[in-house]
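Since the structure comes first, as structure tokens, the remarks are kept for the end.
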Amino acid sequence: MMYKLIKITVSSVLVSVFLFGGSQFVCSRTFVSTDTVNVAAFGLLPDTRENATPFVQKALKACEGKTNVTLVFPKGRYDFWPQHCVERFYPESNTTNKGLKRLAVLIDKMDGLTVDGCGSDFVFHDRMQPFTVDSSRNIMICNLTIDWDIPLTAQAVVLQAADDYVDLGINMYESPCHIENGRLVFTGEGWKSPWGGTMEFDRDTRIVVPQTGDQGSLRYEGEYRAEELERGVVRVHARFTRKPAVGNLLVLRHSERDHAGVFVVDSRNVRIENMDMYHNCGLGILSQYSEDLTFRHVNCVPNEKKGRILAGHDDGFHYSNCKGDIVVENCIFHALMDDPINVHGTAIRVMEKRDDYTLRCRFMHEQSAGMIWARAGETVGFIKGETMQTIARGTVKSYDRVGDYLFDITFDEPVPKEIVFKDALENLTWTCNVLIRDSHFKSCRARGVLISTPGKVRIENNIFESSGSAILIAGDANFWFETGAVKDVLITKNVFRAPCMTSMYQFCEGVISIYPEIPGITAKTPAFHSNIRITDNEFHLFDYPVLYALSVENIEFSGNRLIRSHDFEQFHRRKDGLTFEACRKVTVRDNTSEGDILGKTIRLVRMPRKECRADRNVFIFAK
């Protein structure tokens, strides 16, 4: 298709506007001038199904050494196959790391590069990582879509559902499968993977069917047996205790999360704009040990043109040990198989004290092993594992890797005498500020936003329809080892619609759930989190629990509008609207209600009444 490039210089800002048959894609860059490299100059043409990988490598090579260069893809479809991929080992956070990663587009040690897809569709094959940004800065990726012809999850429509069998209609073109020893196995381009889990979406509303979630929509006793009735129709035999509704859509989960869609590591000032990420092999965009990241108009959603409900294999945006400013604006998330946004650090366990200045430590989660956890000069917090209290700070002098899981850290100062085996460390240098606004969190598996960072956090003007809690503020050094006590959080001007909390997942105790894992918590334990304001939001509530807060000092729930919804049946065990446990300095005021709100009580647990100031506009204290 013909295209033309219009360059408009306004002051020091260059704006490139690509026009394609009425469609317009804008990619703004604060660069004074730019060189342009066109992939067509290297023999790569769109819509040929030819492997784009080697051509793009040549084009990237031509970009090296240039200042503020744009790599342009004329609009069309580009196919990326694993042949000729660069292969590297990366220990990617929250990812299965069993071998080399196949890298389709590797941006390595570059400064001032823009990759502009001009509205193109990037289609990937087999297990691979579409974009990798390594040790680079001032990088922009914009105006493209990411998808797979044969995705790494599958979907089906429920054709029949009886007590002892369920018939599934499967698109065998995009999700080839067969039966092995009575089990359903999916096959792709170079891989095969057994069916392992199911999420059920309502055929009309496209939300996760209420009260399914991790409990499963296909619940059965004992084992199942599958048989192929005809091409594209599979019958699953079992003693069902719950079966899906005829006509509903199932996401059939299988395969490992072994590559991210976009992996950003050891990089700074990376921006992604105007990108639809329809699918990936694992986490959507994984940012790790990187600084100042901005994602605008990036959508992790199903490819509706292909009739899909499946979207990303796991999380949407995952930020692990990042610093600087994280900005997410005008993004949409739907039908992901894990949380849309997760921001956290990585806690490590103290194994032994080698001397007064040195600790031997261990990665406790296998999907963290191998990362470089600290560098000389960085600040580390010493955490008591039982109470999750940070008792001191230290400065790293050296970091010495012993193996994938073990390493030694030597500090400039003596290690506190109180730190012993099973205590933990947190890297306080790699913590970030977070702004999430004007985004839409539609129904996905699990929660909406997970936040564990001591930086400044603002979550504002979003719409939440998550099937679990809309916002989870956790933090732990005992189970997931995703630490980070929050110190300054404002949740304001958001709309929490009725689908929130329609299914149960871990840590979901309210539409907003503040749930750090503190094994030895008592009424006297100092608060883990602090300074959380939940103000001027709108909650549409079909059930009781609105907010659950554990171990917070200075938390405010004010100026919120609570509206009764009758869209779903109530089922939660919590029968209070607001629950505060082991909290201090709680304020509840100036809230309003419409309709017969169920949760009009405040429940205080392991804390005295004097720690909660509340007016009687909506809430009264539970007896």
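Can you work out which of the residues in the range 480-504 that are of a type in the set (Phe, Trp, Tyr) and at pLDDT below 95 is most open to solvent (accessible area, probe 1.4 Å)?
480
What strands (runs of 3 or more DSSP E) lie completely within the range 141-230 and have 3 or more residues being without any contact (Cβ under 8 Å) to a residue 60 or more places away in the chain and open to solvent by 20 Å² or more (accessible area, probe 1.4 Å)?
By residue number, 177-180, 219-230.
The conditions are (1) outside any strand (DSSP E or B); (2) surrounded by 24 or more Cβ atoms within 10 Å (Cβ to Cβ); (3) touching a Leu at 6+ places or on another chain (Cβ under 7 Å); (4) of a type in the set (A, V, I, L, M, F, W, C), and residue 507 fails exactly one of them. Which is it?
(2)
Report whether or not residue 58 is on the phi < 0 side of the Ramachandran plot, in contact with a helix residue (DSSP H, G or I) (Cβ under 8 Å, 6 or more places away or on another chain) and either open to solvent by 20 Å² or more (accessible area, probe 1.4 Å) or part of a loop (DSSP other than H, G, I, E, B) (or both).
yes
Rundown of residues vs (1) open to solvent by less than 30 Å² (accessible area, probe 1.4 Å); (2) touching a Lys or Arg at 6+ places or on another chain (Cβ under 7 Å); (3) free of Cβ contacts under 8 Å to residues at least 12 places away in the same chain, yes/no style:
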| site | (1), (2), (3) |
| --- | --- |
| 38 | no, no, no |
| 50 | no, no, no |
| 70 | yes, no, no |
| 77 | no, no, no |
| 90 | yes, yes, no |
| 95 | yes, yes, no |
| 107 | yes, no, no |
| 114 | yes, yes, no |
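Please state which one of 574, 603 is of a type in the set (Lys, Arg), open to solvent by 40 Å² or more (accessible area, probe 1.4 Å) and part of a strand (DSSP E or B).
Step by step, each of 574, 603 is checked, and only 603 is of a type in the set (Lys, Arg), open to solvent by 40 Å² or more (accessible area, probe 1.4 Å) and part of a strand (DSSP E or B).
Anything in the range 555-572 that is within 16 Å of residue 512 (Cα to Cα) and without any contact (Cβ under 8 Å) to a residue 60 or more places away in the chain? List them, or say none.
555, 556, 557, 558, 559, 560, 561, 562, 563
Give 550, 598 a once-over and let me know the one that is within 32 Å of the chain's Cα centre (by Cα) and open to solvent by less than 30 Å² (accessible area, probe 1.4 Å).
Among 550, 598, only 550 is within 32 Å of the chain's Cα centre (by Cα) and open to solvent by less than 30 Å² (accessible area, probe 1.4 Å).
Using the structure shown, decide if residue 411 is open to solvent by 40 Å² or more (accessible area, probe 1.4 Å), of a type in the set (Phe, Trp, Tyr) and touching a strand residue (DSSP E or B) at 6+ places or on another chain (Cβ under 7 Å).
Against the criterion (open to solvent by 40 Å² or more (accessible area, probe 1.4 Å), of a type in the set (Phe, Trp, Tyr) and touching a strand residue (DSSP E or B) at 6+ places or on another chain (Cβ under 7 Å)), residue 411 does not qualify.
Within the range 116-139, restricting attention to residues that are touching a Ser or Thr at 6+ places or on another chain (Cβ under 6 Å) and of a type in the set (Asp, Glu), which residue is surrounded by the most Cβ atoms within 10 Å (Cβ to Cβ)?
Only one residue tops the list, namely 116.
Which one of 343, 298, 327 is open to solvent by 10 Å² or more (accessible area, probe 1.4 Å) and not in a loop (DSSP other than H, G, I, E, B)?
327
The values are calculated or read from the model by the stated rules, or taken from the named source; none is laboratory data. Here the structure is a predicted model, which means the values were calculated and not measured. Neighbour counts are summed over all protein chains in view; Cβ atoms, including those assigned to glycine, are modelled from backbone coordinates with ideal geometry. Note: areas computed on protein heavy atoms with side chains; ligands, DNA, RNA excluded. Shrake-Rupley method; radii C 1.70, N 1.55, O 1.52, S 1.80 Å.
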